[in-house]
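Presented below is the structure to which this report refers.
The values are calculated or read from the model by the stated rules, or taken from the named source; none is laboratory data. Computed from a predicted model, the values in this text were never measured in an experiment. All Cβ positions, even for glycine, are placed from backbone atoms using ideal geometry, and neighbour counts span all protein chains on display.
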Amino acid sequence: MVEKKTDDLVLEARNFFDTYKKEIGKSVREGKNVIHIDFNNLASFSYELAELLISQPEEVLQVLEVALEESGLVKRPRVRLLTLPETYSEKIRNLRAKHLNKMIQIEGIVRQASEVRPQVVNAKFECPSCGTILSVLQLESRFREPSRCSCGRKGNFRLISKDMVDAQRVVVEESPESLVGGEQPRRISVFLKEDLVEPKMEERTTPGSKIRVIGVLKEVPKLSRTGSILTRYDIAIEANHLIPLEETFEELAIDEEDERQIRELAADPKVFEKFIESIAPSIYGYEEIKKSLVLQLFGGIKKTRADGTQSRGDIHVLLVGDPGVAKSVMLKFIANMAPKGRYMAGKGATGAGITATVVRDEFLRGWSLEAGAIVLSNKGIVCIDEIEKMDAQDRSAMHEAMEQQTVTISKANVQATLRAETSVLAAANPKFGRFDPYQTVSSQIDMPPTLINRFDVIFVLKDNPDRARDEAIATHVLLEHQQPAIKASIERDLFRKYIAYAKQKIFPRLTNEAVDEIKHFYVDLRNMPVSVEQPTKPLPISARQLEALIRLSEASARCRLSKKVQKKDVKIAIDLMKYYLMQVGYDYETKTFDIDRIATGVSTSQRGRIMLVRETLSRLESRLGKLIPIEEIKKELEGKLEGSQIDEALEKLTTSGDIFHPRRGFVQRM
């Protein structure tokens, strides 16, 4: 650009900023020197400026910044681009020499991020011979001194001062969706400076975040071992701006128009039903499950108690079902619906991939942390399909993340606790392919009871033939294939903004009626009369289910944008809990609910029988000696237990290692 041309451009840029006063004023009021401009606005005002910004980005950005400084509104301004046309978006694998020194846009996932450290951009030197001050711009990674002074002196100049800015290097990798077949994802280094590494911006570049980078493609010289520059160069992007592509509900921007629509929707008495209809409309039925998924999206309230302990607000849901009941479709829908939603399959997931792992960092020459799915979905939802196919060791890593909502790592020389405020939606298949209605749920899922117990709501999906229902499903599925997809009652964008608004502004508290209702249900259910006389009473529900009731009630109030949890919210939560307890926690023998059927896989009535058999064994041992015939045990317990029940109890005692069979027809205590 010729000098005259530059002056014309500065003038044109000043005229452009005159139309942009509202945005500039906003930045000035906030005390920032960063001005965000939209490329489309610039192109519609001055086609020449926009075209030069792509082909000669550094010169034009300088022109824009000079124009802003001359206007006297902002001191030392920085211009950041918010958008670039799609034509300038490139895949990392398609970057070539023709893109060098041009403005481009890429998308990808942050894989590594170095620490933020100061970097010299300009250094001033004094010549000891004549006292001349020499200024040297530091553009490369190696520190440069002046080669010579006007007086003829070479070398040994005195460094007076250096200008430093904060800088960081992140490695961005192509996102899996953009890959075809067996392509390996490519990586590129991105250099960030000044306001792009502020703490607020740094949150957007944590490893695992999805970002869009607008910047200038630069060549980076490669050095040989002797220190000479090779003919083959590396490429890197000097970022002008970073735009995060996934936001949590708390970060979603909501304007006045959105708020008006949200308020309008909340005034509808059937708003909850509309949300239920909008969850995976392509799947027929499953009203109760969709209800629990709506409540999971809204979530309860996280509370910090006076003693510093915290109770989680996130709701965890487990779907256990026969094959082909659309579990995975629901999981995929929720993962796409929720910001920071992630979908993963149990077989391909490890403990490190779910929680966090420590890896060797080649760039920083040390150890660094790489976050897994639950940590990356902090304040989001993680959907785990086929959770029973995960290794037992890897599954145990989820215990802490689901209840304490943190992930603690103590490996190599890295000791860290990461936040994992994440809701878990998991799906599992029964151990033998299909359900046996009379076996306990936990005995049919290959999962430890401790993990099952951490889920607030557990649903069992059975695929039993039923003519009327089968006809309805067939009609629904065939219609889906015949015509365009059914539209949801609430559009996806509005759904997301509604949830975001509720999570940002609505923190409901329990009313006295709600407290009484929950207490009444909890106490009555725990003290239900038992039809069969036995030594231990069944525990219908435990304190964990009480907390789940509170969370579900709060989510229901949030759904109505209500600041108070009322009786009707508690009713919804109680109905859901009764529905799932009826499916998974009902003991047909005692005709009562029994939480132990879910939590431990051994119902209370079963445990009572085992204790009775164990006592009989110790009595017989003192009478008959070590070797006890099974016939004697059955004779002793005649009238109290049936033969099949005694066999079952002996089998359990053998499994637990209390007794063994020295020879056929005899047992002996360990």
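Scanning the range 382-429 for residues that are in contact with a Pro (Cβ under 9 Å, 6 or more places away or on another chain) and either crowded, with 19+ Cβ neighbours inside 10 Å or acidic (D, E) (or both) turns up E388, R395, N429. Restricting the first member to the range 159-173 and to residues that are among the hydroxyl-bearing types (S, T, Y), and the second to residues that are assigned to a strand (DSSP E or B) and surrounded by fewer than 17 Cβ atoms within 10 Å (Cβ to Cβ), the beta-carbon pairs closer than 6 Å and six or more apart or on different chains are S161/K124. Which members of the range 640-653 meet the condition of being within 44 Å of the chain's Cα centre (by Cα) and either under 13 Å from I630 (Cα atoms) or without any contact (Cβ under 8 Å) to a residue 12 or more places away in the chain (or both)? Result: E648, A649, E651. Only one entry in V584, V667 is modelled with pLDDT under 75 and of a type in the set (A, V, I, L, M, F, W, C), namely V584. Could you please let me know if V165 is in contact with a Gly (Cβ under 9 Å, 6 or more places away or on another chain), within 30 Å of Q105 (Cβ to Cβ) and among the β-branched types (V, I, T)? So V165 fails the test. Please go through (1) assigned to a loop (DSSP other than H, G, I, E, B); (2) among the acidic types (D, E); (3) modelled with pLDDT under 80 for D314 and return the number of the only condition it doesn't satisfy. Exception for D314: condition (3). Check whether at least one residue in the range 181-188 is buried (at least 17 other Cβ atoms within 10 Å of the Cβ) and out of contact with any helix residue (DSSP H, G or I) (no Cβ under 6 Å at 6 or more places or on another chain), and report yes or no. No; the residues of the range 181-188 include none that is buried (at least 17 other Cβ atoms within 10 Å of the Cβ) and out of contact with any helix residue (DSSP H, G or I) (no Cβ under 6 Å at 6 or more places or on another chain). Return yes when I289 is part of a helix (DSSP H, G or I), within 22 Å of the chain's Cα centre (by Cα) and either among the β-branched types (V, I, T) or within 22 Å of P430 (Cα to Cα) (or both) and no when it is not. It is true that I289 is part of a helix (DSSP H, G or I), within 22 Å of the chain's Cα centre (by Cα) and either among the β-branched types (V, I, T) or within 22 Å of P430 (Cα to Cα) (or both). When every residue of the range 642-665 is checked against the conditions, at least one turns out to be of a type in the set (D, E, K, R), in the same structural domain as L612 (by TED's automatic domain parsing), out of contact with any strand residue (DSSP E or B) (no Cβ under 8 Å at 6 or more places or on another chain) and farther than 14 Å from R609 by Cβ. The helices (runs of 4 or more DSSP H) found wholly in the range 25-130 include none carrying at least 2 residues that are of a type in the set (D, E), touching a His at 6+ places or on another chain (Cβ under 6 Å) and farther than 23 Å from D234 by Cα.
Might you check whether a residue that is at pLDDT 80 or above, in the same structural domain as Q296 (by TED's automatic domain parsing), crowded, with 16+ Cβ neighbours inside 10 Å and in contact with a Phe, Trp or Tyr (Cβ under 7 Å, 6 or more places away or on another chain) occurs anywhere in the range 491-501? The answer is yes, given that some residue of the range 491-501 is at pLDDT 80 or above, in the same structural domain as Q296 (by TED's automatic domain parsing), crowded, with 16+ Cβ neighbours inside 10 Å and in contact with a Phe, Trp or Tyr (Cβ under 7 Å, 6 or more places away or on another chain).
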